[in-house]
């Protein structure tokens, strides 16, 4: 049976009506945020101390140099290269007897200037060995299946490994930007045992970042991740701390429900709402530091910094490791090349678009993959059991 759009239409009308009613209040809160971030009364050093001491229920960015300064677009180098990697995967299907997953990594090398060139490729890899399907603790007593969120984290590691290989293969003279889609932070690993974090972060992502940092010492190589239409509020939450009347903000103790918080006048505002009003096309914001616990605990000199970049009518969040943030040349290279990529890609980095096209696994691909596995099992005379739910979905019985 198809979706009853007639019933849904009435619910959509009610939803839009509610959004209209909230719009005036949101605009007022946005004005409060803009007045706060532009306030000359803010003492940055005092605010940094207040942020460090605060006990909040939300993530608050660390300040580097300021809050509201805008940086103009740096010039492009005459010759440069942009490399990008993106991935897709087919998760383990627990309804099938054969447990396996597939990761497809798309990679792109785009060279601009006096010798333009483009290299596009994809590399699918099937994982079926026991050592690939589980992550084990060193003593062998605990196991974590590689599926769902854990598989997503493994795919991120494989994308970064691809960037390392691409960067190492390039001649060192060309300024190069290595790009990933999404975030540099492996969010959510705090919920898993330490041996999972060790496998995916310490021996995975951070080793890749170490390799890229090492390569950057003998060539102009920057690393960045690009987040389109971000929903983050890390900078907005800095403003919450700034307007808090308490010297040491402690949300749970000082403002327990149903008491209204002093910062409620900033509700329903996101960072992108602030910076679309502060930045001109091609300009970037100040640098900020991610407040993620996993970054503070593990990332070291790869501590994730970020800035906001205006690309036409959109604000993007760009994340970079500390070693790139502290190098002015690499920071400017990141700024200029990402904006140029967005101009070439109609608002989104063209290298990431092409890497995605190389990596994408369609619904038809997934079905063909499952059929390939099953037909190969049949040809080899290996029994293939499947759950009743799986068989029911594949069979039309009405």
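The values are calculated or read from the model by the stated rules, or taken from the named source; none is laboratory data. None of the values given here were measured: they were computed from a predicted structure. Quick reminder, even Gly has a Cβ in these numbers, built from the backbone with ideal geometry, and neighbours come from all protein chains shown.
Candidates in the stretch 36-53 are the residues that are in a helix (DSSP H, G or I) and in contact with a helix residue (DSSP H, G or I) (Cβ under 9 Å, 6 or more places away or on another chain); of these, the one that is surrounded by the fewest Cβ atoms within 10 Å (Cβ to Cβ) is 47. Would you be able to say whether some residue in the stretch 23-35 is within 25 Å of residue 322 (Cβ to Cβ) and surrounded by 12 or more Cβ atoms within 10 Å (Cβ to Cβ)? Within the stretch 23-35, not a single residue is within 25 Å of residue 322 (Cβ to Cβ) and surrounded by 12 or more Cβ atoms within 10 Å (Cβ to Cβ). I need the full set of residues from the stretch 254-275 which are over 21 Å from residue 64 (Cβ atoms), touching a residue at least 24 places away in the same chain (Cβ under 8 Å) and either assigned to a loop (DSSP other than H, G, I, E, B) or out of contact with any helix residue (DSSP H, G or I) (no Cβ under 7 Å at 6 or more places or on another chain) (or both), in order please. The answer is 267, 268, 269.
Total residues in the stretch 54-79 satisfying the condition of being in a strand (DSSP E or B) and either without any contact (Cβ under 8 Å) to a residue 24 or more places away in the chain or under 24 Å from the mean Cα position of the chain (by Cα) (or both): the figure is 3. The numbered conditions (1) surrounded by fewer than 20 Cβ atoms within 10 Å (Cβ to Cβ); (2) within 26 Å of residue 360 (Cβ to Cβ); (3) modelled with pLDDT of 95 or more; (4) within 25 Å of the chain's Cα centre (by Cα) are all true for residue 205 except (1). Regarding residue 200, is this residue under 21 Å from residue 84 (Cβ atoms) and under 19 Å from the mean Cα position of the chain (by Cα)? Criteria not met by residue 200. When the stretch 159-189 is limited to residues that are surrounded by fewer than 17 Cβ atoms within 10 Å (Cβ to Cβ) and modelled with pLDDT under 95, the one that is nearest to the chain's Cα centre (by Cα) turns out to be 187.
When the stretch 93-138 is limited to residues that are touching a helix residue (DSSP H, G or I) at 6+ places or on another chain (Cβ under 9 Å) and in a loop (DSSP other than H, G, I, E, B), the one that is nearest to residue 161 (Cα to Cα) turns out to be 100. The C-beta contact set for the stretch 198-213 (first residue more than 17 Å from residue 296 (Cα to Cα), second residue at pLDDT below 95 and surrounded by fewer than 21 Cβ atoms within 10 Å (Cβ to Cβ), distance under 8 angstrom, 6+ apart or interchain) comprises 213/301. Residues satisfying the criterion are present in the stretch 293-313 (criterion: loosely packed, with under 15 Cβ neighbours inside 10 Å, farther than 27 Å from residue 176 by Cα and out of contact with any helix residue (DSSP H, G or I) (no Cβ under 7 Å at 6 or more places or on another chain)). When only residues in the stretch 72-92 that are over 30 Å from residue 149 (Cβ atoms) and in contact with a helix residue (DSSP H, G or I) (Cβ under 7 Å, 6 or more places away or on another chain) count, which is surrounded by the fewest Cβ atoms within 10 Å (Cβ to Cβ)? So the residue we want is 75. Restricting attention to the stretch 276-287, the residues being over 18 Å from residue 39 (Cβ atoms), assigned to a loop (DSSP other than H, G, I, E, B) and touching a helix residue (DSSP H, G or I) at 6+ places or on another chain (Cβ under 8 Å) number 2.
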